[in-house]
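S.K.: Sharing a structure below in structure tokens format, with a few things to ask.
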Amino acid sequence: MEQSPSSAARRSEDIALDLLKFVAGHANLGRPAASSTPGFGLPSSAKPEDQVNALLELYGRCREAVESPAPAKK
């Protein structure tokens, strides 16, 4: 069964969203609690708008990672 271009694009969006959830959850990004691991996540005093912008930027990076071609194996 072949996928249409729109379903293939939706699939990569879903994968990028799953990757965003994984990375954000492990980095405590977007959560008000302070991070237990120094250097990860946003400071607890970050504004909600800053947290949203960080999540949107991370989603964009996840999309790029999912949609970029895999490096050639040697």
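S.K.: Please calculate the 1.4 Å probe accessible area of GLU49, with all protein chains present, and give it to the nearest 10 Å².
M.R.: Taking all protein chains as shown, GLU49 has close to 110 Å².
S.K.: What's the FRET efficiency of VAL52 with LYS73 using the Cβ-Cβ distance as r and R₀ = 30 Å, to the nearest 0.05?
M.R.: With a Förster radius of 30 Å, E is 0.20.
The values are calculated or read from the model by the stated rules, or taken from the named source; none is laboratory data. Predicted model only: the values in this text are computed from it and were never measured. We place every Cβ from the backbone using ideal geometry, glycine too, and count neighbours over all the protein chains shown. Just the protein is used for accessible areas: all its heavy atoms, side chains included, with ligands, DNA and RNA removed. Shrake-Rupley method; radii C 1.70, N 1.55, O 1.52, S 1.80 Å.
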